């Protein structure tokens, strides 16, 4: 009995560490901001405007293709799916991992909304009721995953891993299909968040004695994301954060953009960069 008690104390502490680390990284990237602006970090005042977060407006205003519009709307609802399912699982299983991660998903949802507002794209989430979606495929997926996760706690963890794996797979494609600086930036940060969440779910699955087989990524890709530093970010000088993308630009926080580094990156100024922060 004593050994079991020690084990569950360890699991609780580990869960807090993994989930809080993932959440803190989202807050680092996106910022708590002012006036409820979820992405107010990055060196600007962070005041929310009718066009979304103030600093988003400082990035170039570029033409948005139909493919990019569809991706923004899909990603926004997919982040909502993740948030709604994790909230439901917290009510069912009452484990902390399903309490904190939805906070990150909420920031992701608002981040995409800031882009919709910037480009005057009509939002498909007009009534934010849990489990409701405009996209019929996401509505069907929600019901399937919710039912599966309600079978047991470990199945709920596997559902979480599957959602994050799907997000990574989709976002990789979305990033390849856009050439807009701000869309690439937001999608890159969402992908980092999904990788962190996937690591947390994978840790818990293993701790519960379970195994997880990827559905959307290859085994090699899955292992790569779980065992190496985040692939969407690379170091490019002290005080800078580089996100993989096209049109290498350094965003210095005051609205000016100058070429830098030459590695097809988009840069966001940060206070400091710890090379081990994503491990």
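Taking the beta-carbon count within 10 Å as an exposure proxy, list 125, 97 from fewest neighbours to most. Please list the in-between numbers first.
Numbers: 125 17, 97 24.
Going from sparsest to densest Cβ surroundings: 125, 97.
Would you list 192, 78, 147 from fewest to most Cβ contacts within 10 Å? List each step's numbers first, then the result.
On the way: 192 22, 78 25, 147 11.
So the ranking, lowest neighbour count to highest, is 147, 192, 78.
Relative contact order of region 69-180, please, whole-number percent, based on alpha carbon pairs below 8 angstrom and at least 6 residues apart. Relative contact order comes out at 29 percent. Here 185, 203 are placed in order of increasing Cβ neighbour count within 10 Å, fewest first, which gives 203, 185.
Every number in this text was worked out from the coordinates using simple rules, so none of it is lab data. None of these values were measured; they are calculated from a predicted model. Backbone-built Cβ (ideal geometry, glycine too); neighbour counts: all protein chains shown.
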